[in-house]
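Structure first, commentary second.
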Amino acid sequence: GQQVMQIPQYQHVQEGEDFTTYCNSSTTLSNIQWYKQRPGGHPVFLIQLVKSGEVKKQKRLTFQFGEAKKNSSLHITATQTTDVGTYFCAGLSGYALNFGKGTSLLVTP
Amino acid sequence: DAGVTQSPTHLIKTRGQHVTLRCSPISGHKSVSWYQQVLGQGPQFIFQYYEKEERGRGNFPDRFSARQFPNYSSELNVNALLLGDSALYLCASSLTRNQPQHFGDGTRLSIL
């Protein structure tokens, strides 16, 4: 079945540094979704990418969907302490949304 | 509008028991999905229900079952509990299938 892999597993940055997490799927994706989960919280939807090569921005966050629709990335510019949490990508396979293991971001002031 | 609500928030059971977890979706959402999240891992898909029918099932044993009611609320049942069933169980709703998921706060299940 479909497997979604994310790297790195952890990232520790100083506030103001940039951060990138990468997501790769074993199969072509119809779309990819990104979620953020704060410690002790539940996943919160950030964005959905559908088109090959699509790039979407949300303030300091930039999301990309690969040309082959098998990989994606999330880049955060000038991290803030409010960016702390685990970022998950999730690929749709039939009716199942398959999540990666996530990248946990720690930001120190 | 209220978000996705789940009950109970915490539950402690012993091996061999069964458990029922409940979920009320956002008003107007017809799709409900259940996920299991073990500490340090991403949510793992268990079931999706849409319009009261099971539309998808993840790689979980038959001890796991679910249903969706006419008001679109849902129950997840787990029989013959094992230690490995200890996890956060998340319910998510969406307008239709394949739309972004809105998650509840989850039920934390501990098996002793």
Cα pair distances exceeding 18 angstrom across chain A, given as percent: 44
Loop trypsin sites (Lys or Arg not before Pro), segment A:4-109, which have at most 13 other Cβ atoms in a 10 Å radius of their Cβ (DSSP): A:LYS51, A:LYS59
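Relative contact order for segment B:51-112: what percent, with Cα pairs under 8 Å and sequence separation of 6 or more?
Relative contact order comes out at 26 percent.
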Chain B - accessible surface per residue (Å², probe 1.4 Å): 49
Over chain B, volume per residue of the alpha carbon convex hull, in Å³: 93
For the protein assembly as shown, convex hull of alpha carbons as volume per residue, Å³: 121
Segment B:68-111 versus segment A:60-96: alpha-carbon centroid distance in Å: 24
Residues of type lysines that B:LYS30 reaches as a straight line, Cα spacing below 18 Å, ignoring anything fewer than 8 places off in the same chain: B:LYS52
Carbon and sulfur %, accessible surface of segment A:31-91 computed with the full protein complex present, 1.4 Å: 52
Apportionment of accessible area to carbon and sulfur, chain B, percent (1.4 Å): 48
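May I ask for the equivalent-ellipsoid semi-axes of segment A:48-109, computed as the square root of five times each C-alpha gyration tensor eigenvalue and listed largest first in whole Å?
They are 23, 15, 8 Å, listed largest first.
How high is the relative contact order of chain A, in percent, counting Cα pairs under 8 Å that sit 6 or more residues apart? Could the numbers behind the result be given before it?
On the way: 283 pairs, mean separation 40.9, N = 109.
The normalised contact order for chain A reaches 38 percent.
The values are calculated or read from the model by the stated rules, or taken from the named source; none is laboratory data. Here the structure is a predicted model, which means the values were calculated and not measured. Cβ coordinates were reconstructed from backbone atoms using ideal geometry, including for glycine residues, and neighbour counts include every protein chain displayed. Keep in mind that these areas ignore ligands, DNA and RNA; they rest on the heavy atoms of the full protein, side chains included. Shrake-Rupley method; radii C 1.70, N 1.55, O 1.52, S 1.80 Å.
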